[in-house]
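The values are calculated or read from the model by the stated rules, or taken from the named source; none is laboratory data. Predicted model, so just to flag it, every value in this text is computed and none were measured. Note that we place each Cβ from the backbone using ideal geometry, even for glycine, and neighbour counts take in every protein chain shown.
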Amino acid sequence: MEVTARIQFTRPCLGNVRKPDFDRLLRDPDGEVIFLATWWRSALSQSARALNKYHSLVDKIRPALPVRGPVSHIKRWYGDDGAFKIHEGFDAGAVVTVQFLLPSGMTLDQFTELLETAGLYVGVSPYGWKTGTYGQFKVLEVLKSDRRRTARDRASRDPQGR
């Protein structure tokens, strides 16, 4: 089952691709922000351990790479002298959309529980993921996707596919 999750970051999610001017989020060749499958797998695995269930299903969840939402520049302060680094990222309050392919045997409610626990306790952030201070989120909704209906709807609105 393909699902679309809308999550809202409660802590900033910071990019970790080092550049001289600011650290960026990872992007695909088309310029879309992506989160690697290993990042999601790590967060969901930690969630499964905390819940003590869904262990056998976590490795079968397939996240889509693109993460769609409003990107901003965020200051990360460090040191005692007021130094900071600028990161491209999703700031607290940003709502992003991510798609997942769930394995057979996993329900929408089970996945939602897993994702909610991951967001509350683990988060997902390219920068600072080990510290637990970045990338926490709350789940706004998880909905079953229907690509066939979406393609059919587009075709019915414009027979030439535009």
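Find the residue count for region 50-59, including only residues that are more than 26 Å from residue 93 (Cβ to Cβ) and either in contact with an Asp or Glu (Cβ under 9 Å, 6 or more places away or on another chain) or surrounded by 14 or more Cβ atoms within 10 Å (Cβ to Cβ) (or both).
First, the residues of region 50-59 that are more than 26 Å from residue 93 (Cβ to Cβ): 51-59.
Next cut, either in contact with an Asp or Glu (Cβ under 9 Å, 6 or more places away or on another chain) or surrounded by 14 or more Cβ atoms within 10 Å (Cβ to Cβ) (or both) only: 51, 53-54, 57-58.
Counting residues in region 50-59 that are more than 26 Å from residue 93 (Cβ to Cβ) and either in contact with an Asp or Glu (Cβ under 9 Å, 6 or more places away or on another chain) or surrounded by 14 or more Cβ atoms within 10 Å (Cβ to Cβ) (or both) gives 5.
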Run down 105, 123, 93 and say which single residue is modelled with pLDDT of 95 or more, on the phi > 0 side of the Ramachandran plot and out of contact with any His (no Cβ under 9 Å at 6 or more places or on another chain).
93
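Look at region 105-145 and say how many of its residues are part of a loop (DSSP other than H, G, I, E, B) and either among the aromatic types (Phe, Trp, Tyr) or touching a residue at least 12 places away in the same chain (Cβ under 8 Å) (or both).
Summing the residues that are part of a loop (DSSP other than H, G, I, E, B) and either among the aromatic types (Phe, Trp, Tyr) or touching a residue at least 12 places away in the same chain (Cβ under 8 Å) (or both) in region 105-145 gives 14.
Is region 32-53 home to any residue that is of a type in the set (Asp, Glu), more than 16 Å from residue 137 (Cα to Cα) and under 15 Å from the mean Cα position of the chain (by Cα)?
Step one: list which residues in region 32-53 are of a type in the set (Asp, Glu), which gives 32.
Pick out the ones that are also more than 16 Å from residue 137 (Cα to Cα) and you get 32.
Cutting the leftovers down to under 15 Å from the mean Cα position of the chain (by Cα) gives us 32.
Yes; the residues of region 32-53 include at least one that is of a type in the set (Asp, Glu), more than 16 Å from residue 137 (Cα to Cα) and under 15 Å from the mean Cα position of the chain (by Cα).
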Among (1) farther than 17 Å from residue 33 by Cα; (2) crowded, with 17+ Cβ neighbours inside 10 Å, residue 82 falls short only on (2)
Residue hits (region 16-53; among the basic types (Lys, Arg) and free of Cβ contacts under 8 Å to residues at least 60 places away in the same chain) are 18, 19, 27, 41, 49, 53
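Give the residues of region 58-73 that are within 22 Å of residue 145 (Cα to Cα) and in a loop (DSSP other than H, G, I, E, B), sorted by residue number. Reasoning before the result, please.
Quick first cut of region 58-73, residues within 22 Å of residue 145 (Cα to Cα) only: 58-70.
Once the filter is applied, which keeps residues that are within 22 Å of residue 145 (Cα to Cα) and in a loop (DSSP other than H, G, I, E, B), region 58-73 yields 59, 60, 61, 64, 65, 67, 69, 70.
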Test: residue 76 is in contact with a His (Cβ under 8 Å, 6 or more places away or on another chain), assigned to a strand (DSSP E or B) and charged (D, E, K, R):
yes
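Kindly provide the set of residues from region 54-104 that are of a type in the set (Asp, Glu) and free of Cβ contacts under 8 Å to residues at least 40 places away in the same chain, ordered by number. Lay out the reasoning, then the answer.
Taking region 54-104 as the starting set, the residues that turn out to be of a type in the set (Asp, Glu) are 59, 80-81, 88, 91.
The answer is 59, 80, 81.
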Consider residue 61 carefully, then state whether it is at pLDDT below 95 and of a type in the set (Val, Ile, Thr).
no
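Matching residues to (1) of a type in the set (A, V, I, L, M); (2) not in a loop (DSSP other than H, G, I, E, B):
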{"site": "7", "(1), (2)": "yes, yes"}
{"site": "21", "(1), (2)": "no, no"}
{"site": "40", "(1), (2)": "no, yes"}
{"site": "46", "(1), (2)": "no, yes"}
{"site": "56", "(1), (2)": "no, yes"}
